[in-house]
1. Let me confirm something: among Ala105, Ala153, Ala139, which residue is within 30 Å of Glu31 (Cα to Cα) and modelled with pLDDT of 95 or more?
2. Mind checking which residues of the range 67-89 are farther than 11 Å from Ala114 by Cα, touching a helix residue (DSSP H, G or I) at 6+ places or on another chain (Cβ under 9 Å) and assigned to a strand (DSSP E or B)?
3. Restricting to the range 39-49, and then to whatever is touching a strand residue (DSSP E or B) at 6+ places or on another chain (Cβ under 6 Å) and crowded, with 18+ Cβ neighbours inside 10 Å, can you tell me which residue is nearest to Asp193 (Cα to Cα)?
4. Quick one: Arg33 ticks every box in (1) open to solvent by 30 Å² or more (accessible area, probe 1.4 Å); (2) in contact with a strand residue (DSSP E or B) (Cβ under 8 Å, 6 or more places away or on another chain) bar one, so which box is it?
5. Could you list, in sequence order, all residues of the range 62-105 that are open to solvent by 50 Å² or more (accessible area, probe 1.4 Å) and closer than 19 Å to Glu152 by Cβ?
6. State the number of residues belonging to the range 95-136 that are of a type in the set (D, E, K, R) and more than 25 Å from Ile48 (Cα to Cα).
7. If you go through the range 167-213 one residue at a time, how many are of a type in the set (Ser, Thr, Tyr) and open to solvent by 10 Å² or more (accessible area, probe 1.4 Å)?
8. Of Arg155, Arg209, Arg203, Arg116, which residue is closer than 18 Å to Gly15 by Cβ and in a helix (DSSP H, G or I)?
Amino acid sequence: MAKEILCFGDSNTWGWRPENRGGAPARFDRETRWTALVQRALGEEYHIDEEGLNGRTTVFEDPTSPERCGIRYIEMLMYTHAPDLVVLMLGTNDMKEHLHTTNHAIARGVQMIASRILTLGQAGGKTPKVLVVSPIRIAEGVGARHPSFPPEAVRRSETLADEIRAEVAALPVRFIDGKTVAEPSEEDRLHLDARGHAQFAARLEKEIREMLG
C-alpha cells in the first residue's frame, strides 16, 4: 500500500504562477509544481495528496478571503487522507497588513496546527510524521503586485523561520527553513517560479525518503 503524504499549505503549495495578473487563477501544471515533481520522483510507493489553497492562513480568519483558516480544516483532511506524513507550510498570508498579526502569533499558529495533526493521528491510531516548512521570504517590492503585503512583511519574513523553529522545537517534528531552499520569483516577489518549484521538490523528496524510509 502506498504511503500517504498530505501537503497542507497555501498558494506556494497550490502552484500559483507568479506572472498571473488577475482573472482566473493561473496554476502551474503537473510538469512544474513541486508537489507533482515529488510524486514523480518518489514513484508509486508513495502518494502525494495536494491540499494547497490560495490565501490560506494558519489560525486567522481573513474577512477578505473567507474559508481560509487552516486550523479549521486540518481535522477534516486528516480523516480524509489518513496520512503517514504531513508537510505543513503556512505563514505567508498571515503577514497581510489587515490581519494585524505578529511573527510570534504566526509561529504559534503553525505550532497549533502541528500539535493538532499529532493529536488527531494518535486518536485515529496512526500518528503521522510531520515536516514543518517555514515559508520562503517575501522580497522587496512585493506591494506592487500584492498590495496586501506591507513593506514590513519583507523584514518579518526574514526572521519568521527562527520563531517557527522555536515554537515547534518541543514537538516530534522535522523542520526546514524554506527560505534556504528557494527564492521568491523576480516577477511578483512572493511566489515560487518554475526553478523554485524544482528546488523545493529536490529538497522535500530527500526529506520524505529519510522520514518514511
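The values are calculated or read from the model by the stated rules, or taken from the named source; none is laboratory data. In this text, all values refer to a predicted model and were calculated from it rather than measured experimentally. With ideal geometry, Cβ positions are generated from the backbone for all residues, glycine too; neighbour counts draw on all protein chains shown. For the accessible areas, the whole protein counts, side chains as well, though only heavy atoms, and no ligand, DNA or RNA atoms are used. Shrake-Rupley method; radii C 1.70, N 1.55, O 1.52, S 1.80 Å.
1. On the way: Ala105 fails: within 30 Å of Glu31 (Cα to Cα); Ala153 fails: within 30 Å of Glu31 (Cα to Cα).
Among Ala105, Ala153, Ala139, only Ala139 is within 30 Å of Glu31 (Cα to Cα) and modelled with pLDDT of 95 or more.
2. Result: Leu85, single match.
3. That would be Gln39.
4. Every condition holds for Arg33 apart from (1).
5. Thr64, Glu97, His98, His100, Thr102, His104
6. The first filter runs over the range 95-136 and keeps only residues of a type in the set (D, E, K, R), leaving 96-97, 108, 116, 126, 129.
Now restrict to residues that are more than 25 Å from Ile48 (Cα to Cα): 96-97, 108.
Final tally of qualifying residues: 3.
7. Filtering the range 167-213 down to residues of a type in the set (Ser, Thr, Tyr) leaves 180, 185.
Still in the list and also open to solvent by 10 Å² or more (accessible area, probe 1.4 Å): 180.
Of the residues in the range 167-213, 1 are of a type in the set (Ser, Thr, Tyr) and open to solvent by 10 Å² or more (accessible area, probe 1.4 Å).
8. Working: Arg155 fails: closer than 18 Å to Gly15 by Cβ; Arg209 fails: closer than 18 Å to Gly15 by Cβ; Arg116 fails: closer than 18 Å to Gly15 by Cβ.
Testing whether each residue is closer than 18 Å to Gly15 by Cβ and in a helix (DSSP H, G or I) leaves just Arg203.
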